[in-house]
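Laboratory data are not the source of any read-out in this text; all were calculated from the coordinates shown. Quantities reported herein were computed from a predicted structural model and do not represent experimental measurements. Methodologically, a virtual Cβ is constructed for each residue, glycine included, from the backbone with ideal geometry; neighbour enumeration extends over all protein chains shown.
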Amino acid sequence: MENNNYPLLEEKKDIAEKWFSSLRDNICLKFEKIENSFPNNNSFEVSKWKRKGGGGGKMSVLKGEVFEKVGVNISTVHGVFSESFRSSIPGAEEDGKFWASGISLVAHPKNPFVPAAHMNTRLISTSKTWFGGGGDISPMKPSPKMSKIFHANFKKTCDNHDKNYYKKFKAWADEYFFIKHRNENRGDGGIFFDYINTGNWDKDFDFVKDVGETFLNSYSQIVKSTMNTSWGDKDREEQLIKRGRYAEFNLIYDRGTLFGLKTGGNVDAILMSLPPEVKWK
C-alpha cells in the first residue's frame, strides 16, 4: 500500500460512496427479479440508520422463497477510533481519525443446493487510504462444477487488471475464511483483498467496481441454475448445520463484524450476516 493518499481525495470519496449505492440498487433489483420468478411479491425492506459519532447507512433485507434471507448494506461513517482499536488500523495510530464507505452483502438461500454467498467492497481513509473487499460462496451441498465457474469468473476479472491478483487474493481468501477452531474451510472461497492502493485511483477503483459486478453476475447465474433443484429433510438438516459454521466464523473472526462493533455501527446491520435458522449437534 502506498503511503500517500490519492490526489483530490475528498472528490474520490464522494465518487466511491455513490458507486457503492448504485451497486446496492442494482443488486436489489436483480435479486428481487429472481425472487419474484416464484409466485410472490417479496421485496427488500429498507431501513436507514445514523451513527452517533458521524455518518450512517442503509440496511436492505429480503426474506422470501428463493432467498430465505439476504441483506445488502451500505454505509459511510467517520469519526475517531477508540484508543484500543486505532493501533490495529493503518494510518490511525496517531489521532485515530477515519472515514469509511462500503457495501456488504450476505445471502442465505432457502434451497440447500444454492450456496450462501458474501460480497464486500470498501474504501477506508485515515492518514492512509485504501480499498478492500472480495466475494466468496459457501455451498451447503458440495458442487465442484459450480465452484469452478465462480472462481473462473473472478480469475478472469483479476487477470484483466493484474495477472498476480487472482493467485494472491484466492490464497488470502483461503486463509481468511478458514475456521480455525473447527479446522475446516467456511466454504469454497473466492477472493479476498485489503490495503489496495497502487497510487493510481482509476486503476484501483476500476478493479473494485469489476469485483462487485463480477460477483453480482456470477452469483445470480448460480442462483438461477440451482434454485429449482429438488431437496428434502436430510438436505435441510445438512444446510442448517453448515449455517452454524457460517455463524461461528462471522461472530468470532469476521473483520467487518469487528470493525462495525468497534466503531459504534448499527448492531442490526452488523449482524445482518447471520443465517435466519441454524442448527448445532
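Going down the table (Lys18/Lys203; Lys63/Lys180; Lys48/Lys224; Lys13/Lys203; Lys58/Lys242; Lys12/Lys97), which pairs top 20 Å between alpha carbons? Spell out each step's value before the answer.
On the way: Lys18/Lys203 18 Å; Lys63/Lys180 31 Å; Lys48/Lys224 30 Å; Lys13/Lys203 15 Å; Lys58/Lys242 28 Å; Lys12/Lys97 18 Å.
Pairs exceeding the cut-off: Lys63/Lys180; Lys48/Lys224; Lys58/Lys242.
Our compactness index for region 140-281, the C-alpha radius of gyration over the empirical 2.2 N^0.38 Å, is 1.16.
Please identify the trypsin sites (Lys or Arg not before Pro) of region 1-92 that satisfy two criteria: DSSP loop assignment and at most 10 other Cβ atoms within 10 Å. Which are they? Walk me through the numbers before you get to the answer.
Values: sites: Lys12, Lys13, Lys18, Arg24, Lys30, Lys33, Lys48, Lys50, Arg51, Lys52, Lys58, Lys63, Lys69, Arg86; in loops: Arg51, Lys52, Lys63.
Sparse-neighbourhood loop trypsin sites (Lys or Arg not before Pro): Lys52.
Size descriptors for region 9-273 (Cα atoms only): Rg and Dmax, in that order, 18.0, 56 Å.
Evaluated with a Cβ-only charge set (Lys, Arg +1; Asp, Glu -1), region 135-281 carries a dipole of roughly 460 debye about its Cα centre, given to the nearest 20. What you get for the chain, charging only the Cβ of Lys and Arg (+1) and of Asp and Glu (-1), is a dipole of about 560 debye around the Cα centre.
Working note: Karplus 6.51/-1.76/1.60 with θ = phi - 60° gives region 73-84 the couplings 10, 10, 7, 9, 10, 8, x, 10, 5, 5, 4, 6 Hz, where Gly and Pro are set to x. Cα-based values for region 42-115, radius of gyration first and Dmax second, are 16.7, 49 Å.
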